[in-house]
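See structure below.
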Amino acid sequence: MTNQKPKLSADEWDELNFPRPDVQEFDRVVERAISRRGFLGGVLAFGSGAAVMGTGLLKGSTAMAQQASRFAFEQIAIATDSTVHVPAGYNWKIMASWGDALFSDAPAFDPATGIPAAGSDRVFGENTDGMELFNIGGKEVLAVNSEYTNNEINLGTPDVEDAVATSAEDVTRLQNFQGVTVMEIAEGADGWAIVKDSPFNRRITNNTPITADGPAAGHDLLKTEADPTGMAILGTLNNCGSGRTPWGTYLTCEENFNGYFGATAEATFDDAVAAGYKRYGVSTKVDPGNYNYHGFDARFDVTKNPNEPHRHGYIVEINPADATSTPVKHTALGRFKHENAACVVAPSGQIVVYMGDDERGEFMYKWVSRDIYVPGGDTSTLLVEGQLFAATFKDDQTGAWVALTPEATGMSAAEIAIFTRTAASKVGATTMDRPEWVAVNPVSPEAYCCLTNNARRGAMKDDGTPQTNAGGEVLALNAPNPRATNEYGQIVRWRPEGGNHVSAAFTWDLYVMAGNPAVHKDGPYAGTANINAGNLFNSPDGMMIDSTGIIWIQTDGDDSNEGEFAGMGNNQMLAGDSVSGEIRRFLTGPIGSEVTGLTWSSDKRTMFVGIQHPGAGFPAADGLPRSSIVAVKRDDAAMIG
Ligand code: FEO
Ligand code: CA
Ligand code: CA
Ligand code: CA
């Protein structure tokens, strides 16, 4: 009933709302120059050369060929259809779709119009993204993000393009479909399903009361007329990737929070506020924007509540074991377009959290707790007291985490927490090609970050000046981001000094550069040697490393399957071997969708995979398309991860 037009991702939405100048011919010149030098030569220009591309991954290397594959499945072909595919010997089934009831009193899903406003906070939210599963007293409890809404679908108006809220009721509906769903799930004869009315079931929406801690909590910049305390916040916005703490709580990560705000009148703002709006892309335009919340909910109208945007863009901790608990925004971990939060316990017992800021030319971050984690002990300071760092990468394949302190930045602790991007710019953090998910390898002291793509890297603006990030830093090529007009993306890997994630120093390489050797015979756009005709993909985004050390890579890219992207098909999930570098395609999503979010049942016999913003035809041939979580199993029910 709808066309096959892919739904915009939240990142694309942000780009549309805050467009940057078109890429110029200049970057094609750079591309040709690098190609002529050859891939190795191009990389050598940045430093120590071959090793940058990952040991054993260079074209011509026999290292890969000599290794027996660790994968227990045969790679699948690309797909361009409207369903999910997995390898022979595996099966998949829908576990939950947007609009499924969490409670007996929830409204029924109407295939033509979806879910009405009344009761829209009693169902599984839209656009599933990061998720984590917790076993609580023997019950399987899933916490899962709903990143944004496809308004024409969520407002039941599939034939209306660029739909926005046109009433307060519309706004309520959109606000309720986003945030986080906590739900008990169980496996029965027909597979996995939501346990309706479980005491764990809960919706956290754009309006749920949330508190804050850390340096920004209670600061003047977080105070509003409705909340003079500056820490009684309503709602969590644009919940993208996820994380989990060793003490059994869920971390939800606020990404493109800026897109929910707008103005109802021309206004001027304090310098600091205006500068922050600019760096974070908060709109002061008088127009409906993406959602038009501000047309009906004054909280999102920056002319009336200029500090409301400062209350979003954080890491939020949720206790899935207690449906009455108040979530907490941990401002010490910084305010930016948070992708996910990858936690690891260092040998000292300190908690390390790696985080990416997903915007062109923004940075990677690391949090190190002051105190140590003691199982069963007090964990209340671990995401409050400590130090935030930003990453600097050198061309010689070393790097350092630089502390964002008042001394280093000239900013107060609260200002660092609220305007974290500015603080990181002040210490010379390295501009990256859109840091998406970070994953820490549980079987080797290393971590990975998907740098999804960056069309503006090394490019020029219309006015002939170089492209910059929102802070004005030129997006020149650099060693971890070596390609101009980077449409394919890469994954950077780092190993902390001494194998200790607390260390400031690290060495790094590129685990993979995605590319298309059929379109680009050689040169950097052909990709690294672990890219071949059989495993083409673009725009790595979601990423988890399972207990066996296999890297699961999910894509959010161009699924046109033509031109630069010919042979890549629909978005997909691949498995990567961290040692040999081998990458195999494991799952393909339906056309129009992004594959994002991954977790496992406690017995590791089921893998849950998120299908976000599918096009028409998924999961059913008729009716509104519905984002869904699918349960993937082996036919023999053996463990998969
Ligand atoms: Fe929500 Fe950057 O992905
Ligand atoms: Ca997305
Ligand atoms: Ca993402
Ligand atoms: Ca993305």
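The values are calculated or read from the model by the stated rules, or taken from the named source; none is laboratory data. What you see is a predicted model; the values in this text were computed from it and never measured. Quick reminder, even Gly has a Cβ in these numbers, built from the backbone with ideal geometry, and neighbours come from all protein chains shown.
Observations
- Test result for Gly567, buried (at least 24 other Cβ atoms within 10 Å of the Cβ), among the small types (Gly, Ala, Ser) and either more than 16 Å from ligand 3 (Cβ to nearest atom) or within 21 Å of Gly356 (Cα to Cα) (or both): no
- Against the list (1) more than 16 Å from ligand 3 (Cβ to nearest atom); (2) more than 19 Å from Val86 (Cα to Cα); (3) modelled with pLDDT of 95 or more, the condition Asp541 fails is (1).
- Within segment 372-384, residues that are polar (S, T, N, Q) sit with their Cβ atoms under 7 Å from residues that are at pLDDT 95 or above and part of a loop (DSSP other than H, G, I, E, B), at 6+ positions apart or across chains, in these pairs: Thr379/Trp247; Thr379/Tyr373.
- Beta carbons closer than 9 Å, at least 6 apart along the sequence or on distinct chains, pair a first residue in segment 215-230 that is surrounded by fewer than 17 Cβ atoms within 10 Å (Cβ to Cβ) with a second that is in a loop (DSSP other than H, G, I, E, B) and among the charged types (D, E, K, R) for Glu225/Lys304; Thr229/Lys223.
- Filtered by the rule that a residue be surrounded by fewer than 24 Cβ atoms within 10 Å (Cβ to Cβ) and either more than 18 Å from Ala88 (Cα to Cα) or of a type in the set (Gly, Ala, Ser) (or both), segment 593-617 gives Thr599, Trp600, Ser601, Ser602, Asp603, Lys604, Gly615, Ala616, Gly617.
- Segment 342-368 - residue that is within 16 Å of ligand 4 (Cβ to nearest atom) and in a loop (DSSP other than H, G, I, E, B) and, of those, nearest to Thr599 (Cα to Cα): Asp358
- Between Asn481, Asn454, the distinction of being modelled with pLDDT of 95 or more, more than 25 Å from Gly276 (Cα to Cα) and polar (S, T, N, Q) belongs to Asn481 only.
- Here Gly515 clears all of (1) surrounded by 22 or more Cβ atoms within 10 Å (Cβ to Cβ); (2) within 16 Å of ligand 3 (Cβ to nearest atom); (3) closer than 24 Å to Val86 by Cα except the condition numbered (2).
- Listed by first and then second residue, the pairs linking a residue in segment 425-444 that is closer than 25 Å to Glu415 by Cα and in contact (Cβ under 8 Å) with a residue 24 or more places away in the chain to a residue that is assigned to a helix (DSSP H, G or I) and within 16 Å of ligand 3 (Cβ to nearest atom), with Cβ atoms under 8 Å apart and 6 or more places separating them unless they lie on different chains, are Arg434/Asp11.
- Qualifying residue in segment 237-260 (condition: more than 16 Å from ligand 3 (Cβ to nearest atom), among the hydrophobic types (A, V, I, L, M, F, W, C) and closer than 28 Å to Asp105 by Cα): no
- If you check Gly498, Gly471, Gly458, Gly534 for being small (Gly, Ala, Ser), farther than 26 Å from Ala400 by Cβ and not in a strand (DSSP E or B), only one passes: Gly534.
- Filtered by the rule that a residue be closer than 23 Å to Val195 by Cβ and in a loop (DSSP other than H, G, I, E, B), segment 72-112 gives Trp98, Gly99, Asp100, Leu102, Phe103, Ser104, Asp105, Ala106, Pro107, Ala108, Phe109.
- Residues in segment 288-336 that are of a type in the set (Asp, Glu) and either in a loop (DSSP other than H, G, I, E, B) or within 22 Å of Ala143 (Cβ to Cβ) (or both): Asp297, Glu317, Asp322.
- Here Leu536 does not qualify as over 26 Å from Ala390 (Cβ atoms), of a type in the set (A, V, I, L, M), under 22 Å from the mean Cα position of the chain (by Cα) and within 16 Å of ligand 2 (Cβ to nearest atom).
- Hey, Thr507 assigned to a strand (DSSP E or B), more than 16 Å from ligand 3 (Cβ to nearest atom) and of a type in the set (Ser, Thr, Tyr) or not: yes
- Filter result (without any contact (Cβ under 8 Å) to a residue 24 or more places away in the chain, aliphatic (A, V, I, L, M) and touching a helix residue (DSSP H, G or I) at 6+ places or on another chain (Cβ under 6 Å)) within segment 405-420: Met411
- Failed item in (1) farther than 30 Å from Val344 by Cβ; (2) buried (at least 21 other Cβ atoms within 10 Å of the Cβ), with Ala298 passing the rest: (2)
- Across segment 216-271, the number of residues qualifying as in contact with a Cys (Cβ under 6 Å, 6 or more places away or on another chain), of a type in the set (Gly, Ala, Ser) and within 16 Å of ligand 4 (Cβ to nearest atom) comes to 1.
- Considering only residues in segment 419-438 that are among the hydrophobic types (A, V, I, L, M, F, W, C) and surrounded by 24 or more Cβ atoms within 10 Å (Cβ to Cβ), the one that is farthest from Thr331 (Cα to Cα) turns out to be Met432.
- The set of residues in segment 260-273 that are part of a helix (DSSP H, G or I) and surrounded by 15 or more Cβ atoms within 10 Å (Cβ to Cβ) comprises Tyr260, Val273.
- Residue pairs meeting the criteria (Cβ under 7 Å; at least 6 apart or on separate chains; first within 15 Å of Ser167 (Cα to Cα), in segment 285-312; second among the charged types (D, E, K, R) and in a loop (DSSP other than H, G, I, E, B)): Ala298/Lys304
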